[in-house]
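J.: Attaching a single structure in structure tokens format; questions to follow.
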Amino acid sequence: MEQALVGLDAAEIGELLGRVWGGGVPSFRARQVYEAVYHQRVSGAAGISTLPKELRERLAGALPSGLPEADHCYESTDGTKRYLLRLADGKSVETVLMPEGERYTFCISSQVGCPVNCRFCLTALLGLERNLTAGEIVGQVLFAAGANGLSAEVSKLNVVMMGQGEPLLNLENVLKATRLLVDPKGVGLSERRLTLSTSGIIPKMLELGKSPLRPKLAISLNASTEEQRRELMPVTRKYHLSDLMEACRAYPLRPWERLTFEYVLLKGVNDTDADARRVVKLAANLKCKVNLIALNPGPGIPYGTPDQARVDAFQQIVRRAVPCFVRKPRGRDIYAACGQLKRMSEENLLPVVG
Ligand code: SAH
Ligand code: SF4
């Protein structure tokens, strides 16, 4: 069991209440606590007004709420906010909030750092520090929603697991967090508005497909040939592109779902017309769409960003066969864009220690 309230499911809360009270707590109390934490977003046991005072106090004394605290919030000229959140053990991780008109997208992290060594990604330079707990994953949503006065139920709220980390290497906690996030009595997010992005950890994709509740699946393709992908994403040595595409064909999509392929365009490396035609071949006959992202640059990243004309030409080719969109970079000025999450501080753009 986790050492914090956020992250516990209703059954675990029931056990906890039995422990702090010594038995005899009616079962509806567990549901009250559960709904207060996830649905009403009460920030700690002391604030759960439906509980008798003494039970509330014992619960608050027994364990912390576990909600992360913000060390910094950086705000971009485009409205994107990047939060550097401090976890209970002093480590920090990032959550990004992107408003777009009436819609909001939260980009949350699944690990502190990342063990997958993609050559174009700043997070890779951190290495893996540790997995996040289910509570720390859900806590990012509770925190960002609370800090911005947003209700998780608003139909325009999307959550993407595209921050720090490879979610499929922390699948157990990601799935528990998913259950808490999409439970109507929990955070109340729509299952269709939760997406997980993976670098292609094939055995875990199979496991994900078997889970009754699961985020939508996005795959970071990023290359059009086996050899190119091995170079850009060394994880391909273990999980070959051909096998990854086979796993995509076998993936059990729900009737309303389609796969998303993400493709980071690197100038002169994977952005040619021939690459685009090969992407079409890979994606053909799959129920999918392709999202293109021009590289977000960063110190230590040995690639360039293609110009707009190249991005457009690539899109035109892919679009003939598959829906294809260009993702506009959000929050590049505050190092909040895809692949830039490396705990940069705004003043000197150096990693924040800790
Ligand atoms: N680890 C998971 C999810 C986090 S990365 C994954 O790799 O899918 C989220 C997305 O950012 C991935 O699609 C990745 O390919 C992309 N990305 C990484 N570095 C980038 C960069 N420098 N510029 C643009 N996109 C990048
Ligand atoms: Fe990890 Fe994703 Fe970055 Fe690759 S792109 S290093 S998998 S966070």
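J.: For the stretch 46-145, what class follows from the C-alpha gyration tensor (a ≥ b ≥ c being the square roots of its eigenvalues): rounded when a/c is under 1.5, otherwise prolate if a/b is larger than b/c, else oblate? Present the calculation step by step, with values, prior to reporting the outcome.
T.: Details: a/c = 2.90, a/b = 1.54, b/c = 1.88.
Verdict is oblate for the stretch 46-145.
J.: Additional query: With every protein chain kept in the model, how would you rank Lys156, Lys238, Lys216 by accessible area, 1.4 Å probe, largest at the top? Don't jump to the answer; show the numbers that get you there.
T.: Working: Lys156 90, Lys238 150, Lys216 60 Å².
From most accessible down to least: Lys238, Lys156, Lys216.
J.: Also, quick follow-up: Please identify the cysteines of the chain that lack any partner cysteine with a Cβ under 4.7 Å from their own Cβ.
T.: Cysteines of the chain left without a disulfide-compatible partner: Cys73, Cys107, Cys114, Cys248, Cys288, Cys324, Cys338.
J.: Then there's this: List the residues of the stretch 33-72 whose backbone N lies under 14 Å from a point placed 7 Å from the Cα of Asp89 along the Cα-to-Cβ direction.
T.: Nothing falls inside the zone, counting backbone N under 14 Å.
J.: Run the Debye formula on the Cα coordinates of the chain, all scatterers equal and no solvent, and tell me log10 I(q)/I(0) at q = 0.07 1/Å.
T.: -0.31
J.: Which ³J(HN,Hα) values in Hz, rounded to whole numbers, follow from the phi angles of the stretch 266-276 under the Karplus curve 6.51 cos²θ - 1.76 cosθ + 1.60, where θ = phi - 60° and Gly and Pro get x?
T.: After applying 6.51 cos²θ - 1.76 cosθ + 1.60, I find 10, 4, x, 10, 9, 10, 7, 4, 5, 4, 4 Hz.
J.: A further question on this structure: Shape verdict for the stretch 30-70, please, from the Cα gyration tensor: rounded (a/c under 1.5), prolate (a/b greater than b/c) or oblate.
T.: Values: a/c = 2.11, a/b = 1.23, b/c = 1.72.
Oblate, because a/c is 1.5 or more while a/b does not exceed b/c.
J.: With each label point set 7 Å from Cα along the Cα-Cβ vector, what nm distance links Lys53 and Glu69?
T.: A separation of 2.7 nm, rounded to one decimal place.
J.: Is the stretch 108-210 best put as rounded, prolate or oblate by its Cα gyration tensor, with a ≥ b ≥ c the root eigenvalues, rounded for a/c under 1.5, and otherwise prolate when a/b is larger than b/c, oblate when not? Numbers along the way, then the final one.
T.: Numbers: a/c = 2.06, a/b = 1.50, b/c = 1.37.
In terms of gyration-tensor shape, prolate.
J.: How far, in nm, would the chain grow between Glu226 and Ala309 when pulled straight, counting 0.36 nm per residue and subtracting the alpha carbon separation? Kindly include the intermediate steps, with their values, before the conclusion.
T.: Values: separation 83, 0.36 × 83 = 29.88 nm, distance 2.62 nm.
In short, 27.3 nm is gained.
J.: Any chance you could look up the accessible area of Thr225 with a 1.4 Å probe, heavy atoms only, rounded to 10 Å²?
T.: Accessible area of Thr225: about 40 Å².
J.: While we're here: So how much slack lies between Leu253 and Arg130, counting 0.36 nm per residue of separation and subtracting their Cα-Cα distance, in nm? Can you show the working numbers first?
T.: On the way: separation 123, 0.36 × 123 = 44.28 nm, distance 3.02 nm.
Difference between extended and current length: 41.3 nm.
J.: How large is the accessible surface of His240 in square angstrom, using a 1.4 angstrom probe and rounding to the nearest 10?
T.: So the heavy atoms of His240 present about 80 Å² to solvent.
J.: Per the helix-only calculation at 222 nm, which mean residue ellipticity applies to the chain, given -39500 (n - 2.57) for every DSSP H run of n ≥ 4 and division by its residues, nearest 500 deg cm²/dmol?
T.: Values: 10 runs with 109 residues, N = 354.
My calculation for the chain gives -9500 deg cm²/dmol from helical runs alone.
J.: State the antiparallel share, in %, of DSSP beta bridges confined to the chain, rounding to the nearest 5. Before the final figure, lay out the partial values.
T.: Working: 21 of 45 bridges.
The antiparallel fraction comes to roughly 45 percent.
J.: Would you mind calculating the gained length between Ala62 and Arg319 on full extension (0.36 nm times residue separation, minus the Cα-Cα distance), in nm to one decimal? Let's see the in-between values first.
T.: Numbers: separation 257, 0.36 × 257 = 92.52 nm, distance 5.60 nm.
Length difference between fully extended and current span is 86.9 nm.
J.: Something else about it: Please compare each pair in Lys91/Lys342; Lys156/Lys216; Lys156/Lys176; Lys238/Lys267 to a cut-off of 18 Å on the Cα-Cα distance and tell me which ones are over it. Write down the numbers at each step before the final one.
T.: Values: Lys91/Lys342 13 Å; Lys156/Lys216 16 Å; Lys156/Lys176 23 Å; Lys238/Lys267 26 Å.
In this structure, Lys156/Lys176; Lys238/Lys267 lie more than 18 Å apart at Cα.
J.: What would the Debye equation give as log₁₀ I(q)/I(0) for the stretch 156-268 at q = 0.12, 0.13, 0.17 Å⁻¹, counting only Cα atoms as equal point scatterers?
T.: Cα-only, vacuum Debye calculation for the stretch 156-268: -0.43, -0.50, -0.82.
J.: Using a 1.4 angstrom probe and counting only protein chains, how large is the accessible area of Met161 in Å², to 10?
T.: 10
J.: With a 1.4 Å probe and every protein chain kept in, tell me what percent of the accessible surface of the stretch 208-263 is carbon plus sulfur. Intermediate results must be reported in sequence, preceding the final value.
T.: Working: 1210 of 2410 Å².
Within the stretch 208-263, the accessible surface is 50 percent carbon and sulfur.
The values are calculated or read from the model by the stated rules, or taken from the named source; none is laboratory data. For clarity, every value in this text was computed on a predicted model and none was experimentally measured. Positions of Cβ are backbone-derived with ideal geometry, glycine not excepted, and every protein chain shown enters the neighbour counts. The area values use the complete protein model at the heavy-atom level, side chains included, leaving out ligands, DNA and RNA. Shrake-Rupley method; radii C 1.70, N 1.55, O 1.52, S 1.80 Å.
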